[in-house]
Amino acid sequence: MVPIIIIRYGELTTKSKNRIDFIKQLKINIKYALSDYQEIKIIHFHDRIELTNLSLAIMNDVINILVKIFGISSLSPAFSIDKNIEVLSEKVMSLFLNQDLTNAKTFKLFVSRSDKSFPLNSEQIIKIIAAMILKRTNLKVNVINPDLKINIKVNKEDIYLFANKITGAGGLPVGSSGKVLLLLSGGIDSPVAAYKLMKRGLQVQYLHFATPPFTLPAALKKVETLVQILAPYNAGSKNLYICNFTNLQNELTHLKKENYRIILMRRMFIRIANLFAEKYKIQALATGEALGQVASQTLASINAINIVATLPILRSLITEDKFDIINIAKKIGTYKTSILPFADCCSLFVPKNPVTQPKIKECQLLENELKQLIDWEQILINTFNEIEKRL
Ligand code: ATP
Ligand code: MG
């Protein structure tokens, strides 16, 4: 009896054209995630991946890693057993039907047979195994909503035996949709935005704007921690870049209209992110903006920000409720870090009454006025050139 893990692709199987690439990417991501377990063999088939050469001792740890990998719809720890109905019956009993281990009251058998030369067909196998279970336990059959699903798969070489499926992370394998540059703030929203982008197969890189000494090293540490928490979902990738925005921030304080300060700051963020993404051949930007959440997240603000972008800005949370975002943040483990009280530059420099309906013309006018005072475009390029890789 050999333990294995069966991994199912889900959504992948419907995408015929790119399928091979998806499976390849998923296999790479699984291999990377399991790099501490070099002995595990990863074998792919058209409808599943199987992990073999596993010991029972590492099974739970491996499953905990796999459930964070996008592109996996479900997985099952399973046993490969000899192709013999007596052996099969005994294994069903010993593995699943020990009354001390299961609270199940009802069961259903699922049998599939890819080896048609096996002397018993699926119906005959069901009859034999079901009769045995009914005789030797108190379990009853329930075909609609069974507590215990017992799956038997007759292959060419062996028989697989497994119980209820474990739900996977779903989505598409990270990397199969390309790369995106996310503006990561350290708040609740942008890490959740990252998670949702990863789920659609995007590998996320991060750009964080800091304004030392106004923002503290602890705020940077917080962003680092968030990136580390997100790494298992991001095919292990970190790629956190820090932009020191202090010089530009100082210039923005010269603005006549204080209420436009945040919106102009956001336009600067986007301009810098554009340059960065173009340099690293990243095809889109992303933010954690959600419509109506704060004053700066109105359609007018989004327009005023968007107009300076040369790449699409993916806003994966745009229609989400705060409540739902918080729930995802808790589920993926970023919430506790996000609520640590270290201000980022947006919260530090927020004016008393930020404009909620900014006019694009006014933004341009103010930027032109500022240009009369200082060459902010040059400062912006210098700022971009000083971006540092943190992780
Ligand atoms: P978050 O919870 O992600 O901080 P928020 O609800 O606080 O979002 P804003 O402060 O308006 O909203 O920020 C909107 C988006 O702008 C953020 O989701 C993030 O993508 C980006 N952003 C804000 N501040 C920074 C920063 N210091 N560095 C990088 N990106 C930032
Ligand atoms: Mg914020």
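Since every read-out is calculated from the coordinates, none of them should be taken as a lab result. Treat the numbers as computed from the prediction; the structure is a model and nothing was measured. Cβ sites come from the backbone with ideal geometry, for glycine too, and all protein chains shown count toward neighbours.
Among Thr337, Thr106, rank each residue by its count of other Cβ atoms within 10 Å, from fewest to most, as a rough exposure measure.
Thr106, Thr337
Could you grab the relative contact order for the chain? Cα pairs under 8 Å, six or more apart, rounded to a whole percent.
Reported as a whole number, the value is 17 percent.
By per-residue mean of other Cβ atoms within 10 Å, what is the highest-first order of 351-360, 239-248, 301-310?
239-248, 301-310, 351-360
Provide, in order from the shortest bin, the percent of all Cα-Cα pairs of region 52-101 in each 5 Å bin, continuing until the bin that contains the maximum pair distance.
4, 14, 20, 19, 21, 13, 8, 1
Could you work out the pair-distance distribution P(r) of region 202-358 from its alpha-carbon pairs, with 5 angstrom bin width and percents rounded to whole numbers?
2, 8, 16, 20, 24, 20, 9, 2, 0, 0
If we count other beta carbons within 10 Å of each Cβ, what is the order of Asp115, Asp189, fewest first?
By the 10 Å Cβ count, ascending: Asp115, Asp189.
Which one, Gln249, Gln372, Gln203, has the greatest fluctuation when you compute a Gaussian network model over the chain with C-alpha springs under 10 angstrom?
Of the options given, Gln372 has the highest mean-square fluctuation.
Any chance you could check the Cα centroid distance between region 17-80 and region 331-391 for me, in angstrom?
41
Quick one: if you stick a label point 7 Å off each Cα along the C-beta vector at Met59 and Asn142, how many nm between them?
Spacing of the two 7 Å Cα→Cβ label points: 2.4 nm.
Roughly how many Å is it from the Cα centre of region 258-323 to that of region 143-183, as a whole number?
36
Within the set of other residues whose C-beta is less than 11 Å from the C-beta of Ile7, count the net charge using Lys and Arg as +1 and Asp and Glu as -1.
+2
Select from Asn121, Leu380, Ile325 the residue farthest towards the positive end of the dipole of the chain; place +1 on Cβ of Lys and Arg, -1 on Cβ of Asp and Glu, and compute about the Cα centre.
Towards the positive end, the residue furthest out is Asn121.
Based on Cβ point charges of +1 for Lys and Arg and -1 for Asp and Glu, what charge dipole magnitude is obtained for the chain about its Cα centre, in debye rounded to the nearest 20? Walk me through the numbers on the way to the answer.
On the way: 50 positive and 33 negative charges, 163 e Å.
I would put it at about 780 debye.
Can you work out ³J(HN,Hα) from phi for every residue in region 22-39, in order, using Karplus 6.51 cos²θ - 1.76 cosθ + 1.60 and θ = phi - 60°, giving whole Hz and x for Gly and Pro?
Ordered by residue, 3J(HN,Hα) equals 4, 5, 4, 5, 4, 5, 4, 5, 5, 4, 5, 5, 9, 5, 6, 10, 4, 6 Hz.
Just order 81-87, 145-151, 195-201 by mean Cβ neighbour count inside 10 Å, highest at the front, would you?
Highest to lowest by the protection proxy: 195-201, 145-151, 81-87.
Taking a quarter of the surface of the Cα convex hull of the chain, what do you get in nm²?
Mean projected area for the chain: 22.7 nm², to one decimal.
Note the per residue figure in Å³ for the convex hull of the C-alpha positions in region 1-81.
Considering the Cα atoms of region 1-81, their hull volume per residue is 80 Å³.
Treating region 98-221 as a set of equal point scatterers at the Cα positions, no solvent, please give the Debye-formula log₁₀ I(q)/I(0) at q = 0.17 Å⁻¹.
After summing over all Cα pairs, the log10 values are -0.90.
Amide H to amide H under 5 Å from Leu202: which residues, 5+ apart in sequence or cross-chain, H placed 1.01 Å off N in plane?
Gly175, Ser177
Given a Förster radius of 22 Å and the C-beta distance between Val350 and Ala300 as r, what FRET efficiency does 1/(1 + (r/R0)^6) yield to the nearest 0.05? Present the calculation step by step, with values, prior to reporting the outcome.
Details: r = 17 Å, r/R0 = 0.79.
Step by step, r from the Cβ atoms, then E = 0.80.
Give me Rg/Rg_expected for region 59-167, where Rg uses Cα atoms only and Rg_expected = 2.2 N^0.38 Å with N residues.
It is 1.10.
Take Tyr206, Tyr335, Tyr280 and order them by how many other Cβ atoms sit within 10 Å, fewest up front.
Tyr280, Tyr335, Tyr206
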